[in-house]
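The block underneath contains the structure these notes are about, expressed in structure tokens.
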Amino acid sequence: MSKIITPIEAVIEFVTDLKEGSYGVYKSVLFKTLEGEKIWKSFPPDSEELSILTKGARVRLIPNGSTKSGKPSHVIELLERKNMQHPCSVTPATPPKPAVPQTGMTDDQKREVAAYIEQMGALYRFAYGQAVHHLNGMANDPETLHSAASTLFIAAQRKFNL
């Protein structure tokens, strides 16, 4: 029988400065769930995820097994960019709204499709970052990294019915 995975919605309360621990240098992020539960996660300082995790951002934490130390592991999905600072020092230009084909879709349906596409883009970006991290030096050519990221992306979609 398959296990039902319940995502946890949370808001990022705090991102620490660099710290030294028994596993090396890291930064911690405090997530506060809608029920008020506090969940701490640690990340290497060069983690792709840290570039998008900023105070006030809404996220979904999807359970993904356990860490080596037995703590729950999660895939982090960005839900909202409101109140977020862009990781670059230059404020990005507002991208033009994509042309939406006349499909007979309602505005709500169009927004739902746009939100889904944005979530899938964030998932692919995360998969690509993980491919780069885990293939560290084994494969640096863009084609191999793209293939690995696509495989991770598709596997995550299938596993979590996304």
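Read-outs throughout are calculated quantities, based only on the coordinates presented, and are distinct from any laboratory measurement. The structure displayed is predicted, hence computed values, not measured ones. We place every Cβ from the backbone using ideal geometry, glycine too, and count neighbours over all the protein chains shown.
Within the shell defined by Cβ-Cβ distances under 15 Å, the residues around TYR23 carry a net charge of +3, with Lys and Arg each +1 and Asp and Glu each -1. For the range 101-162, the relative contact order comes to 31 percent (Cα pairs under 8 Å, sequence separation of at least 6). Across the range 47-68, the residues whose backbone nitrogen lies under 18 Å from the label position 7 Å along the beta-carbon direction of LYS159 are 48-49, 60-68.
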